[in-house]
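Single-structure report; data block below.
The values are calculated or read from the model by the stated rules, or taken from the named source; none is laboratory data. Just so you know, these numbers come straight off a predicted model, no measurement behind them. Note that each Cβ is placed from the backbone with ideal geometry, even for glycine, and that neighbours are counted across all protein chains shown. What goes into the accessible areas is simple: the full protein's heavy atoms, side chains included, and nothing from ligands, DNA or RNA. Shrake-Rupley method; radii C 1.70, N 1.55, O 1.52, S 1.80 Å.
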Amino acid sequence: MNSVGTHEYLARLVAPGSALLESVAALTPLADHESRPEQVVETVRAWGQRLCGRIAPDASVLNRLRMLNYFFFQELGFHGERCGEDWADAGCLHRVIERRVGIAVSLSILYMEIGRAIGLKLRAVEFPGSFLVKLACSGGVLVIDVSERGATLSVQQLRSRLATTPSSDTGAAACDALQRCLREMSESDILVRILQALRRRHQAARQWAEALAVQSQLVRLLPGARQQLLDRAGLYERLECPRAAAADLQMCLRLDPKAPDAGPIRRRWARLYKMASRLN
């Protein structure tokens, strides 16, 4: 996909209100310029339609879940990756589909899309140390670990996992902590986390132009967030774009002219504005 097509696709899909699969697929050109986001969406939607054709109209939630697990893990052959949880990998869904292996968040995005196609009310849960999926059913709620081949976790298993995290609570406080940890994660929060991880990966590799492209999407997703504008201004400076950097700093000052860091930002803006004026 060329650069113009990439930006048009991102503008159309990486925005509040877009479907999660489409939005995450739209991030793939930020990690791999040769990726085809629309092909990712078409492939996963086709899987959902294929499985939907096998589901009886009166099939129970548990039967649908069993069929989803068999289809996803046995037929399609997906399995979890054991080399960490770098959320930037979720920005490479095309590679996950090709290799049939991914981290928990990548697999869960695909799993939820296919599951929703067959009528399952699946929602994302960012549990400490892992990424889980929650399913509402008549008997309550099931919590699923997609990275463990769709294992359904009991309350005791969840408490055991929570107990291994730093600052874990005990007794009644542990029950409250468990409830807090099982709150749904919004799809916009998932997008933001993936974008932040992609930006960090590009910055670590000193790929400043690529980091800027990612940061610009964060600015679009989080309008009015001063820190996102400040981060983008820093990237513009690294790329020797003083006019664009000054514009972001000016917007920061307009958003909160009395912020504790307003003084340093004003001085930085004045310096960049002067530099930009010399370029005319």
query = Does any residue in region 145-157 that is modelled with pLDDT under 95 come within less than 8 Å, Cβ to Cβ, of a residue that is basic (Lys, Arg) six or more places away or on a different chain, and which pairs are these?
reply = Leu153/Arg161
remark   = How many residues of region 217-235 are at pLDDT 95 or above, of a type in the set (S, T, N, Q) and buried (at least 18 other Cβ atoms within 10 Å of the Cβ)? The answer is 1
remark   = Here the qualifying pairs (Cβ atoms under 9 Å; residues six or more apart or on different chains; first in region 128-143 and more than 18 Å from Ser186 (Cβ to Cβ); second open to solvent by less than 50 Å² (accessible area, probe 1.4 Å) and modelled with pLDDT under 80) come out as Gly129/Thr165
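Could you tell me whether region 87-95 includes any residue that is in contact with a strand residue (DSSP E or B) (Cβ under 6 Å, 6 or more places away or on another chain) and either within 26 Å of Glu34 (Cα to Cα) or open to solvent by less than 30 Å² (accessible area, probe 1.4 Å) (or both)? Show your work before the answer.
Quick first cut of region 87-95, residues in contact with a strand residue (DSSP E or B) (Cβ under 6 Å, 6 or more places away or on another chain) only: none.
Checking region 87-95: not a single residue is in contact with a strand residue (DSSP E or B) (Cβ under 6 Å, 6 or more places away or on another chain) and either within 26 Å of Glu34 (Cα to Cα) or open to solvent by less than 30 Å² (accessible area, probe 1.4 Å) (or both).
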query = Quick one: what pairs do we get from region 71-82, first residue over 16 Å from Ile144 (Cα atoms), second open to solvent by 10 Å² or more (accessible area, probe 1.4 Å), C-beta under 7 Å, 6+ apart or different chains?
reply = Leu76/Trp47; Leu76/Arg100; Gly77/Arg100; Glu81/Val101
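Rundown of residues vs (1) among the charged types (D, E, K, R); (2) in a helix (DSSP H, G or I); (3) closer than 22 Å to Gln203 by Cα, yes/no style:
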{"residue": "Arg232", "(1), (2), (3)": "yes, yes, yes"}
{"residue": "Tyr236", "(1), (2), (3)": "no, yes, yes"}
{"residue": "Ala245", "(1), (2), (3)": "no, yes, yes"}
{"residue": "Met251", "(1), (2), (3)": "no, yes, no"}
{"residue": "Arg254", "(1), (2), (3)": "yes, yes, no"}
{"residue": "Lys258", "(1), (2), (3)": "yes, no, no"}
{"residue": "Arg266", "(1), (2), (3)": "yes, yes, no"}
{"residue": "Ala270", "(1), (2), (3)": "no, yes, no"}
query = So which residues in region 51-72 are hydroxyl-bearing (Ser, Thr, Tyr) and within 26 Å of the chain's Cα centre (by Cα)?
reply = Tyr70
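If you check Gly91 against the conditions, is it small (Gly, Ala, Ser), touching a residue at least 60 places away in the same chain (Cβ under 8 Å) and within 17 Å of Ile194 (Cα to Cα)?
Values: small (Gly, Ala, Ser): yes; touching a residue at least 60 places away in the same chain (Cβ under 8 Å): yes; within 17 Å of Ile194 (Cα to Cα): yes.
For Gly91, the condition - small (Gly, Ala, Ser), touching a residue at least 60 places away in the same chain (Cβ under 8 Å) and within 17 Å of Ile194 (Cα to Cα) - is met.
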inquiry  = If Ile194 satisfies all but one of (1) in a helix (DSSP H, G or I); (2) surrounded by fewer than 19 Cβ atoms within 10 Å (Cβ to Cβ), what's the number of the condition it fails?
reply    = (2)
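Return yes or no: is Arg180 closer than 25 Å to Ile265 by Cα, part of a helix (DSSP H, G or I) and at pLDDT below 95?
Numbers: closer than 25 Å to Ile265 by Cα: no; part of a helix (DSSP H, G or I): yes; at pLDDT below 95: yes.
So Arg180 fails the test.
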message = Conditions first: (1) hydrophobic (A, V, I, L, M, F, W, C); (2) outside any helix (DSSP H, G or I); (3) modelled with pLDDT of 85 or more; (4) surrounded by 13 or more Cβ atoms within 10 Å (Cβ to Cβ). Ala15 passes all but one, so which condition is the exception?
response = (3)
ask   = part of a helix (DSSP H, G or I), in contact (Cβ under 8 Å) with a residue 24 or more places away in the chain and out of contact with any Leu (no Cβ under 9 Å at 6 or more places or on another chain) - does that describe any residue in region 20-37?
value = no
ask   = Which residues, counting only those in region 139-164, are touching a helix residue (DSSP H, G or I) at 6+ places or on another chain (Cβ under 7 Å) and open to solvent by 50 Å² or more (accessible area, probe 1.4 Å)?
value = Arg149, Arg159
ask   = Among the listed residues Arg266, Arg180, Arg238, which satisfies the condition of being under 30 Å from Gln157 (Cα atoms), open to solvent by 70 Å² or more (accessible area, probe 1.4 Å) and over 19 Å from the mean Cα position of the chain (by Cα)?
value = Arg180
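Looking for whichever is open to solvent by less than 40 Å² (accessible area, probe 1.4 Å) and either modelled with pLDDT under 85 or among the charged types (D, E, K, R) (or both) here; the options are Leu10, Leu21. Which one fits? Steps first, answer last, please.
Details: Leu21 fails: either modelled with pLDDT under 85 or among the charged types (D, E, K, R) (or both).
Among Leu10, Leu21, only Leu10 is open to solvent by less than 40 Å² (accessible area, probe 1.4 Å) and either modelled with pLDDT under 85 or among the charged types (D, E, K, R) (or both).
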